[in-house]
Each structure stands twice: as C-alpha cells, then as structure tokens.
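K.L.:
Let me begin by handing over the structure; questions about it come next.
The values are calculated or read from the model by the stated rules, or taken from the named source; none is laboratory data. Predicted model only: the values in this text are computed from it and were never measured. All Cβ positions, glycine included, derive from the backbone under ideal geometry; neighbour counts span all protein chains shown. Each accessible area value is taken on the protein alone, full model and side chains, heavy atoms only, with ligands, DNA and RNA left out. Shrake-Rupley method; radii C 1.70, N 1.55, O 1.52, S 1.80 Å.
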Amino acid sequence: MSASGNKTESYAKTEGAWILSLQKRQYSVNTVAECAAKCDAETTWTCRSFLYVEKDQDCWTAAANSKTETILRRSSAALYEKK
C-alpha cells in the first residue's frame, strides 16, 4: 500500500474545488499525503476537509466542508473531505 493511498483513503476527493472557511490553517507540504496528515493531526478544531494545490504545494486544513460551505471552482486545487 502506498503512503499517499494510505493517508487519503478516508477522504473523498473533488478536483477543481475550493471552499472558504473561517477556521483554516495553511501549511507548506511536499505531498497530498502530508496534507492529509496535517488535517488528521489538527488539535485546535476538528478538521473536516483540506485543500491541496499541487503546483504550489499549498495545503489548507479547514473546519468546514461542502455541507457547511459553498464550493467554489478553482482549477488548480483539489478538495478532500472526510468520508
């Protein structure tokens, strides 16, 4: 089993999606698996989703998900929500 498959298998992925969340934190990571690990390790609030922008290696963990926030389109991003 690959490291990225292991970390992200509990998340549903939506390509080209972005959400705005008041509770969020930005990280600089090398892989989507590292971003998933940041979400799983969040202690300040419950991380329900994360956004990953591969070309910038930007990771945003968020307390919100598509059930609580409007989804915006952003071609370079991918939204991962806890299943």
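K.L.:
Among the residues of the stretch 45-61, are any among the hydrophobic types (A, V, I, L, M, F, W, C), in contact (Cβ under 8 Å) with a residue 60 or more places away in the chain and at negative phi?
P.N.:
Of all residues in the stretch 45-61, those among the hydrophobic types (A, V, I, L, M, F, W, C) come to 45, 47, 50-51, 53, 59-60.
In the following step, the residues that additionally are in contact (Cβ under 8 Å) with a residue 60 or more places away in the chain were identified as none.
No, the stretch 45-61 contains no residue that is among the hydrophobic types (A, V, I, L, M, F, W, C), in contact (Cβ under 8 Å) with a residue 60 or more places away in the chain and at negative phi.
K.L.:
Quick one: count up the residues across the stretch 5-60 that are among the polar types (S, T, N, Q) and either touching a Ser or Thr at 6+ places or on another chain (Cβ under 6 Å) or assigned to a loop (DSSP other than H, G, I, E, B) (or both).
P.N.:
Matching residues across the stretch 5-60 total 9.
K.L.:
Same structure again: Can you pull out every residue in the stretch 57-68 that is crowded, with 18+ Cβ neighbours inside 10 Å and either at pLDDT below 95 or of a type in the set (S, T, N, Q) (or both)?
P.N.:
From the stretch 57-68, those crowded, with 18+ Cβ neighbours inside 10 Å are 59-65; that's our starting set.
Selection gives Thr61, Asn65.
K.L.:
Please state which of the following conditions Thr43 fails to meet, knowing it meets all the rest: (1) over 15 Å from Lys7 (Cβ atoms); (2) within 12 Å of the chain's Cα centre (by Cα).
P.N.:
The number of the failed condition is (2).
K.L.:
Filtering the stretch 45-56 down to residues that are open to solvent by 70 Å² or more (accessible area, probe 1.4 Å) and touching a helix residue (DSSP H, G or I) at 6+ places or on another chain (Cβ under 9 Å), which residue is modelled with the lowest pLDDT?
P.N.:
Glu54
K.L.:
A further question on this structure: If we keep just the residues of the stretch 73-83 that are at pLDDT 95 or above and open to solvent by less than 70 Å² (accessible area, probe 1.4 Å), which is farthest from the chain's Cα centre (by Cα)?
P.N.:
Going through the qualifying residues, I end up with Ala77.
K.L.:
Quick one: in the stretch 1-22, which of the residues that are over 17 Å from Asn65 (Cβ atoms) and of a type outside the set (D, E, K, R) is surrounded by the most Cβ atoms within 10 Å (Cβ to Cβ)?
P.N.:
Applying the filter and picking the extreme gives Ser4.
K.L.:
Let me ask something else. Can you report the number of residues in the stretch 23-44 which are in contact (Cβ under 8 Å) with a residue 24 or more places away in the chain and surrounded by fewer than 15 Cβ atoms within 10 Å (Cβ to Cβ)?
P.N.:
5
K.L.:
Restricting attention to the stretch 37-62, and to residues there that are in contact with a Cys (Cβ under 9 Å, 6 or more places away or on another chain) and among the small types (Gly, Ala, Ser), which single residue is farthest from Ile19 (Cα to Cα)?
P.N.:
Residue satisfying both the conditions and the ranking: Ala41.
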